[in-house]
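Heads up: the structure comes next, in structure tokens.
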């Protein structure tokens, strides 16, 4: 991997993803909402950065931009590493960097779910759309990125309509439930605790209910959020402060909060297991940063699975979809090549269109 700073003019992307970056590093690179807002202020002051957008998920941190100078992307990297207090030399060990048509092809593949840990998963398109909406709200996109992102959404929809890449149950939530069924068999007699009431938690809770889990309890740091979700799912709510005390009453605990540090400690789990006798406790950690202290794996009858563990279990998904992956790449390459021929003239630094002025509506055909 090239450890030199990213160098590019025109369209570029660089970042770190699940492909080259372990979970313990991704959680250090992941931006909290306040840090992302502060980083935006940093990037807005970088000369030569005509447009930019940030994609920040549990599996990737990626910077898309349009640069007027060869060192612009390197300065974006420096601003990010300073904000995260992460050494640039260390970041370079995991970073990928693409420019021009390769950057465009990468975004198309990401939006379509072809670059995901679970090939064909659909959540990533919503995350890319949210990243683009955030960039629009910050007025950091312009004529190039507006068109690039909009066309990536169209391409993603096209491959999902004209290939079988999304057939079957392609999501971390469903993989987690499959694993629980392998351990417990019938889920109707299990007690499930959901820690966190966000979108990921809701999808996982619904997946458990669809497989017969009838005893579902939800807890969140904000009780009103847990109450809203319990009303939707017909579940019970548990005050967050009671969670460590009640932990031993559950067979399966799914964690999906946005907390900056672990919300379930080794001490919590050790105390819970003293009350569970020989009954196993199954912990599914879907959060980044992680919600569960990894030290719990040393305890007897405790089983902990994180995002990377679930992705490894689902690797067979890639083999089963090999033919569809090839078909998707062909479609996406054709579409990105066509778009590149239209936008390449706009990337001439001498044109220097006024940034952040194009309205967010759909660009012309490409």
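The values are calculated or read from the model by the stated rules, or taken from the named source; none is laboratory data. Model, not experiment: these values are computed from the prediction. Positions of Cβ are generated from backbone atoms using ideal geometry, with glycine treated the same way; all protein chains shown enter the neighbour counts.
With respect to (1) over 28 Å from residue 200 (Cβ atoms); (2) in contact with a helix residue (DSSP H, G or I) (Cβ under 7 Å, 6 or more places away or on another chain); (3) at pLDDT below 95, the lone exception for residue 77 is condition (3). So for the stretch 290-306 (the condition being at positive phi, touching a residue at least 12 places away in the same chain (Cβ under 8 Å) and in contact with a strand residue (DSSP E or B) (Cβ under 7 Å, 6 or more places away or on another chain)), does at least one residue qualify? For the stretch 290-306, residues at positive phi, touching a residue at least 12 places away in the same chain (Cβ under 8 Å) and in contact with a strand residue (DSSP E or B) (Cβ under 7 Å, 6 or more places away or on another chain): present. Consider the stretch 126-149 and keep the residues that are in contact with a strand residue (DSSP E or B) (Cβ under 8 Å, 6 or more places away or on another chain) and either in a loop (DSSP other than H, G, I, E, B) or without any contact (Cβ under 8 Å) to a residue 60 or more places away in the chain (or both). The one that is surrounded by the most Cβ atoms within 10 Å (Cβ to Cβ) is 141. Whether a residue is modelled with pLDDT under 80 and farther than 24 Å from residue 112 by Cα was assessed, and residue 348 passes this test.
Right, residue 313: at pLDDT below 90, under 26 Å from the mean Cα position of the chain (by Cα) and surrounded by 14 or more Cβ atoms within 10 Å (Cβ to Cβ) or not? Here the answer is yes, as residue 313 does meet what is asked. Of the residues making up the stretch 281-310, those that are in a helix (DSSP H, G or I) and surrounded by 19 or more Cβ atoms within 10 Å (Cβ to Cβ) are 296, 307, 310. Evaluate the following for residue 17: is it crowded, with 21+ Cβ neighbours inside 10 Å and touching a strand residue (DSSP E or B) at 6+ places or on another chain (Cβ under 8 Å)? In short, yes.
The residues on offer are 328, 255, and the sole one that is buried (at least 16 other Cβ atoms within 10 Å of the Cβ), assigned by TED's automatic domain parsing to the domain that holds residue 154 and within 23 Å of the chain's Cα centre (by Cα) is 328. Which of the residues that make up the stretch 264-280 are on the phi < 0 side of the Ramachandran plot, at pLDDT below 95 and outside any helix (DSSP H, G or I)? The answer is 276, 278, 279, 280.
In the condition set (1) surrounded by 16 or more Cβ atoms within 10 Å (Cβ to Cβ); (2) out of contact with any strand residue (DSSP E or B) (no Cβ under 7 Å at 6 or more places or on another chain), residue 271 is compliant with all but (1). Which one is surrounded by the fewest Cβ atoms within 10 Å (Cβ to Cβ) among residues in the stretch 155-167 that are more than 20 Å from the chain's Cα centre (by Cα) and part of a helix (DSSP H, G or I)? Restricting to residues being more than 20 Å from the chain's Cα centre (by Cα) and part of a helix (DSSP H, G or I), the top hit is 161.
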